[in-house]
Amino acid sequence: MHSLILKNATLYTITSGIIPNGNVWIEDGKIKKISTHWHQTLSGVKTIDCKGKPLFPGFIDVHTHLGLYDEGTGWAGNDANETIEPMTPHIRAFDGVYPLDPGFQDALKYGVTTVNVMPGSANVIGGTTAVIKTFGKNIASMLVRETSGLKVALGENPKRIHSNGNNDSITRMGIMGMLREAFFTQNIVISLRNLEWPLWSWHCKERFPSAYMLTGLMISSPPFALGRNSTLILGLSTVQRVISLHENFAA
């Protein structure tokens, strides 16, 4: 068991304002006790006198690409954008994070202890975000929440990446159209998964067997479905506010 006491600090708390002359008892990396009246020194426990200096909770960066642009390795460490197509909801930032990126050391040095890492803004739907700690050498041990949100981008970034001035150029109209199509589909799936599905299923199976098979696949797609099929799953989670939507706006 590893213990540490920080005494005589000016504590900036989340819920209780500023506490002068505060003491914090940390045990095995977790805060065990906060007090203004407890001044004794425990035998064998390292104690640091903060002498009134400010003590903050760990900062949280809610929008970052930390670990996806590995500092110093150039092209080989650039894993922030999967540009093979403009719609990649099945891409997970968690899979591309390099925990030995020097950026993690910089984050810790300046008090950032938790980050929400997300794909870049090259794609209309770029993939899922992940909440991780900034301390550790194994990404699995750093993980707080594997899927915390869905990253989308508007305007110049996806337009620039997926156009290149050729006949297949996409426009801002096309970008918004792709997003509307994706989320409109989610609303249909939500409806079918609820009260409307049994009746629609019977009617469709009798008159439109091909459509029935396709919709049945959409409705029963497992959470680990890949490619465009996973747009359905992630869109459902976003529309139903299970995960948040992170948008990158550009002119």
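Nothing in this text is a laboratory measurement; each read-out follows from the coordinates by a stated rule. Values in this document were obtained by computation on a predicted structure and should not be read as measured data. Methodologically, a virtual Cβ is constructed for each residue, glycine included, from the backbone with ideal geometry; neighbour enumeration extends over all protein chains shown.
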Original post:
What value does region 3-56 have for Rg/Rh, both radii from Cα atoms and Rh as Kirkwood defines it?
Top reply: 0.94
Original post:
Among all lysine pairs in region 3-56 that are eight or more places apart or on different chains, how many have alpha carbons less than 18 angstrom apart?
Top reply: 9
Original post:
How large is ³J(HN,Hα), in whole Hz, for each residue of region 118-134 in order, when computed from phi with the Karplus curve 6.51 cos²θ - 1.76 cosθ + 1.60 and θ = phi - 60°, using x for Gly and Pro?
Top reply: 9, x, x, 10, 6, 10, 4, 10, x, x, 9, 9, 9, 9, 9, 7, 9
**OP:** Rank by packing, highest mean first: peptides 125-138, 15-28, with packing defined as the count of other Cβ atoms within 10 Å averaged across residues.
**Re:** 125-138, 15-28
**OP:** Kindly identify region 15-135 as rounded, prolate or oblate by the Cα gyration tensor criterion: order the square roots of the eigenvalues as a ≥ b ≥ c, call it rounded if a/c is under 1.5, otherwise compare a/b with b/c, prolate if a/b is larger, else oblate.
**Re:** prolate
